[in-house]
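Step one of this worksheet: look at the structure below.
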Amino acid sequence: MSTVAVPPAAARSSAARRILLAGAVVALLDITFAYVYFALVLGLVDGLQGVFQSIAAGLLGRAAFQGGPAAAALGAVLHVVIAYTWTCIFFLAVRSWMGLRRTMRTTTGAVVVGLVFGMLVWTVMDLVVLRLSRAHSLPPSNPRFYLNLAQHAVMIGLPIALIIRDGEAR
């Protein structure tokens, strides 16, 4: 069995494309969920602008909801930065830990790792990041904590793992 050597520049280009794709996919999935659930189902925020303002509230507090489109734009930028940060963390973890890389070689392994990673993302976001921000976290006693846990497993961790695994993770 012969193998084809991939030039380093091509490997970097492939990794960058997968990171860009994974970050974009999870940013879109996550904001779609937030819009449908928090704006349409619960009516907690006013449309997509309100969803993005709620993200900006992590920095601006309640003033974000009076900040109009500028606060919404800040929230959109923060949302995308967060999506790419988690994507890069996952990529670097897979590149750094041989056991994780081995597990990612099978579809089942990638699915399990992705689901666990998504739950880790929500747990860190809720129990650390949100508590350090001016936004509100959900205590684990709140049923919405577990809805967000499941949503992050399926819509954040899983897509990141499945998209990244086809690149440098093998």
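Worth a mention:
- Count of residues meeting criterion [surrounded by fewer than 18 Cβ atoms within 10 Å (Cβ to Cβ) and either in a helix (DSSP H, G or I) or β-branched (Val, Ile, Thr) (or both)] in region 30-43: 7
- Selected residue (only one of Val94, Val129 is surrounded by fewer than 20 Cβ atoms within 10 Å (Cβ to Cβ) and part of a helix (DSSP H, G or I)): Val129
- Sub-6 Å Cβ pairs linking a first residue in region 117-141 that is among the β-branched types (Val, Ile, Thr) to a second residue that is buried (at least 17 other Cβ atoms within 10 Å of the Cβ), at least 6 apart or interchain, are Val121/Trp86; Val121/His152; Val121/Ile156, ordered by first then second residue.
A quick yes/no check of all residues on (1) more than 18 Å from the chain's Cα centre (by Cα); (2) among the polar types (S, T, N, Q); (3) more than 17 Å from Tyr84 (Cα to Cα); (4) at pLDDT below 90:
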{"site": "Ser137", "(1), (2), (3), (4)": "no, yes, yes, yes"}
{"site": "Asn142", "(1), (2), (3), (4)": "yes, yes, yes, no"}
{"site": "Ala153", "(1), (2), (3), (4)": "no, no, no, no"}
{"site": "Ile156", "(1), (2), (3), (4)": "no, no, no, no"}
{"site": "Pro159", "(1), (2), (3), (4)": "no, no, no, no"}
{"site": "Glu168", "(1), (2), (3), (4)": "yes, no, no, yes"}
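- Yes/no for Ala11 being surrounded by fewer than 17 Cβ atoms within 10 Å (Cβ to Cβ) and modelled with pLDDT under 95: yes
- Number of the condition not met by Gly109 [criteria: (1) of a type in the set (Gly, Ala, Ser); (2) modelled with pLDDT of 95 or more; (3) under 20 Å from Ala27 (Cβ atoms); (4) in contact with a helix residue (DSSP H, G or I) (Cβ under 7 Å, 6 or more places away or on another chain)]: (3)
- Taking the numbered list (1) surrounded by 13 or more Cβ atoms within 10 Å (Cβ to Cβ); (2) more than 17 Å from the chain's Cα centre (by Cα); (3) part of a helix (DSSP H, G or I) in turn, Thr108 passes all entries but (1).
- Exactly one residue among Tyr146, Tyr84 is among the aromatic types (Phe, Trp, Tyr), modelled with pLDDT of 95 or more, crowded, with 16+ Cβ neighbours inside 10 Å and under 18 Å from the mean Cα position of the chain (by Cα), and that residue is Tyr84.
- Members of region 44-70 that are over 19 Å from the mean Cα position of the chain (by Cα), assigned to a helix (DSSP H, G or I) and farther than 14 Å from Ala135 by Cα: Gly47, Gln49, Gln66, Gly68, Pro69, Ala70
The values are calculated or read from the model by the stated rules, or taken from the named source; none is laboratory data. Computed from a predicted structure; not experimentally measured. Methodologically, a virtual Cβ is constructed for each residue, glycine included, from the backbone with ideal geometry; neighbour enumeration extends over all protein chains shown.
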